[in-house]
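The values are calculated or read from the model by the stated rules, or taken from the named source; none is laboratory data. Given the structure is predicted, the values throughout are model-derived calculations rather than measurements. Cβ sites come from the backbone with ideal geometry, for glycine too, and all protein chains shown count toward neighbours. Keep in mind that these areas ignore ligands, DNA and RNA; they rest on the heavy atoms of the full protein, side chains included. Shrake-Rupley method; radii C 1.70, N 1.55, O 1.52, S 1.80 Å.
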Amino acid sequence: MTQLDEAISRYHRILESEPYRDLRWVKTLQEQMEARQLSTGGRLLCPFLRPNFVTQKQYDNLVKTGEALLSAVDRMLRMALASPALLSRMQLFPAEKMLAAIDPGYNLAEVSAQLDLQINNGSLYVTQYSAEAFSGAAWSEGLSELFYDCAPVKEFRRRYNLTRVGKKKPFLLALLKAYKMFAGSTLTAARKPSIAIVEFRSPTGRSEYDLYRDYFRSEGYACEVLAPDQLEYRNGVLRAGSFEIDLVYRRVSAQEFLLRYTLDHPLLEAYRDRKVCIVNSFRAELAHKKAMFALLTEEALVAKFPLMERKAIREHVPWTRVLKAGKTVLPNGKTTEDLVEYVKQHREKLVLRPNDEHTDLQSFSGHEHDEGSWARAIREALRAPYVVQEHVAPARSIFPIMNYGLLEFREMQVDVQPQAFLGKVAGCSTYVSSSGPGNYSASAGIAPTFIIDPRN
């Protein structure tokens, strides 16, 4: 049994011991979540009764690997922007290419980013890279504060040191650095930018980014969470009513935006005229595409990357190719004359994924299909921008939940999601579900993340 397994077992034994068996402490914890607005759509964000634990070694590896990959993605993004041939391999729509061509006014590819990781014992694989916005960090911070002081965790802390990860300040500092580069010599020390967080508002009216809005205001910055429909552009100023906007944090992907609006939307007009600083820029969309993994896992393209970046790609990024007929290099280094035929014959270890997660296209895992349905999935994937990727076994762990007043233990999928600002990892959240991100059942949600270390 590993150190981590032993810690989880000890925590579960605490929950089953006499002081906590009646679960009154759970009701108190859930009431605290409601009071802190750690719920959405009428359900709590965290239905689980323990945090997710990572060891210091795992966290250090997460940081080291994450930062190397962030650097590699940034390097490849700049290469693609400078090369029409590489850019064409990103499978962008024409309007996305037009937006990527606009200079954002600052020389940073991604101000904020988030990775999805599968951590299994000694292995770590990146399954998703999100550059348009990150999620879960503010909620995870609030949950960490509540769990740290709840009764069974206090008991657990008698044997283990727990370290909370992630704060809001690195996000604000990253935004301000981008804005300082954007404003240049026109920026005065006394002038604080007005910040708009632009997103499609939830039907519940509650957003995680309300927490960031409140934090920014507490730091002296005017801030509003706005929908794209609220924006106007007049006389060189982007505004929402009387609120004039200097800096936009974009919580809307380019593809989502372009499905609803045309290229003369006020936000895009202000962006083209360099009248507003948008973070992340629309250029960051390139990093979000699954085709970015295809470029990174092509040895010839990364041959001149620094050794640490090449090592991180080789060990932690699953082999990926844009799905199309033709010759390609396989995971074993050999060459196949027809990628599509290879995909047909090796379904058990492959996954088909849409190039952009912000679509209604579905993913297909080969091990869940027979030959006939896999062939149909391939035909469907060839009609749209898709990639084929090596299957990564999901990390799974046992989590306790309260179900109809009773304590239950369920095996769940665990997606660790580090957030990074200006290329540096500054915390992580954890999404726990029966089948990974995108699963929104009652038994899915965010678990606070703690670094665990036994007391001497």
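Looking at Gln37, is it open to solvent by 60 Å² or more (accessible area, probe 1.4 Å) and touching a strand residue (DSSP E or B) at 6+ places or on another chain (Cβ under 6 Å)? In short, no. Take the residues in segment 115-156 that are of a type in the set (Ser, Thr, Tyr) and not in a strand (DSSP E or B); name whichever of them is farthest from Ile452 (Cα to Cα). Step by step, filter segment 115-156, then rank; the result is Ser135.
Would you be able to say whether some residue in segment 356-370 is buried (at least 22 other Cβ atoms within 10 Å of the Cβ), over 24 Å from Asn120 (Cα atoms) and at pLDDT below 95? Checking segment 356-370: at least one residue is buried (at least 22 other Cβ atoms within 10 Å of the Cβ), over 24 Å from Asn120 (Cα atoms) and at pLDDT below 95.
You will find that of Val237, Val248, the residue that is touching a strand residue (DSSP E or B) at 6+ places or on another chain (Cβ under 6 Å), under 23 Å from Ala137 (Cβ atoms) and not basic (Lys, Arg) is Val248 and no other. Among residues that are over 30 Å from Tyr431 (Cα atoms), out of contact with any Phe, Trp or Tyr (no Cβ under 9 Å at 6 or more places or on another chain), open to solvent by less than 60 Å² (accessible area, probe 1.4 Å) and in a helix (DSSP H, G or I), Leu62 is not included.
Residue by residue, here is whether (1) open to solvent by 20 Å² or more (accessible area, probe 1.4 Å); (2) modelled with pLDDT of 95 or more holds:
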| position | (1), (2) |
| --- | --- |
| Leu176 | yes, yes |
| Ala190 | yes, no |
| Ala196 | no, yes |
| Arg206 | yes, no |
| Gly220 | yes, yes |
| Gln230 | yes, yes |
| Glu256 | yes, no |
| Ala270 | no, yes |
| Arg283 | yes, no |
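Taken over segment 1-24, the criterion of being touching a residue at least 24 places away in the same chain (Cβ under 8 Å) and open to solvent by less than 80 Å² (accessible area, probe 1.4 Å) is satisfied by Thr2, Leu4, Ala7, Ile8, Arg10, Tyr11, His12, Ile14, Leu15, Tyr20, Leu23. Of the strands (runs of 3 or more DSSP E) lying entirely inside segment 375-455, the ones with 1 or more residues being in contact with a helix residue (DSSP H, G or I) (Cβ under 9 Å, 6 or more places away or on another chain) and charged (D, E, K, R) are found at 386-390, 424-433, 449-454. For segment 86-114, a tally of residues being open to solvent by 70 Å² or more (accessible area, probe 1.4 Å), hydrophobic (A, V, I, L, M, F, W, C) and either within 17 Å of Ala174 (Cβ to Cβ) or in a helix (DSSP H, G or I) (or both) returns 1.
Residues in segment 25-59 that are basic (Lys, Arg) and either part of a helix (DSSP H, G or I) or free of Cβ contacts under 8 Å to residues at least 12 places away in the same chain (or both): Lys27, Lys57. Taking the criterion of being surrounded by 14 or more Cβ atoms within 10 Å (Cβ to Cβ) and charged (D, E, K, R), the only residue of segment 381-395 that qualifies is Glu390.
Which condition number does Val343 fail, the rest of (1) in contact with a His (Cβ under 7 Å, 6 or more places away or on another chain); (2) open to solvent by less than 20 Å² (accessible area, probe 1.4 Å) being met? That leaves (1) as the condition not met.
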